[in-house]
Amino acid sequence: MRKLVASLPELLLRGSHEPIRYPWVEWARLTLTISAANKIIMIHRSFLIRSFRSPLYAYTKMTCISAATTILREHSRVKEMDVAAIWIVPAFTIAARIIMMLDLLHKPKSDSDIPNCRQVVQTAIEGLPMDTNNRMDARGAMILVALLKEEAEGRDQHTSGHGDFSK
């Protein structure tokens, strides 16, 4: 993957010192970043669920959460641009949101980062249904809302001895 990125034209790399001559270049950079981050998630896909359950796969967990965060950050920048949307952007952002949701679901009740993680997921969900013509976003939002509700109810049950998501 690193070899592939190293072979890209400098024009497409973030931090390039080449002047931007075409309005589509920034969009291409953002889309390329989103695609590369998704590819990293795909490389780790086989171990993703295990990474939330076993410390042996901590590198996969950290890598996938970092890639998901990158996708969500770059997606927010793409949404601000007045450019054509391609299908991979919503597909990859939904995958990133689901990874963030998995992280939340597998945090132990005592984890002090739960409110922050829940806020990241809620913010990600709020950004989804804005495009009513995008069925992928609408379905992704429905899944995430249901999972977030389940997480909140599970945490409440966990206080009474039921619903441990971290195992």
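The values are calculated or read from the model by the stated rules, or taken from the named source; none is laboratory data. Please read these numbers as outputs of a predicted model, since none were measured by experiment. A quick note on method: Cβ atoms are made from the backbone with ideal geometry, for glycine too, and the neighbour counts reach across all protein chains shown. Accessible surface is based on the protein model in full, side chains and every heavy atom, while ligands, DNA and RNA are left aside. Shrake-Rupley method; radii C 1.70, N 1.55, O 1.52, S 1.80 Å.
Structural remarks
- Qualifying residue in the range 11-28 (condition: open to solvent by less than 30 Å² (accessible area, probe 1.4 Å) and under 15 Å from the mean Cα position of the chain (by Cα)): no
- Residue check for ALA58: surrounded by 18 or more Cβ atoms within 10 Å (Cβ to Cβ) and closer than 21 Å to PRO108 by Cβ: no
- One residue stands out among those in the range 82-107 that are part of a helix (DSSP H, G or I) and over 18 Å from ALA37 (Cα atoms): the one that is least open to solvent (accessible area, probe 1.4 Å), which is LEU104.
- Checking each residue in the range 60-81 for being among the aliphatic types (A, V, I, L, M), farther than 26 Å from GLU150 by Cα and part of a helix (DSSP H, G or I) picks out only VAL78.
- In the set (1) in a loop (DSSP other than H, G, I, E, B); (2) crowded, with 17+ Cβ neighbours inside 10 Å, the condition left unmet by ASP111 is number (2).
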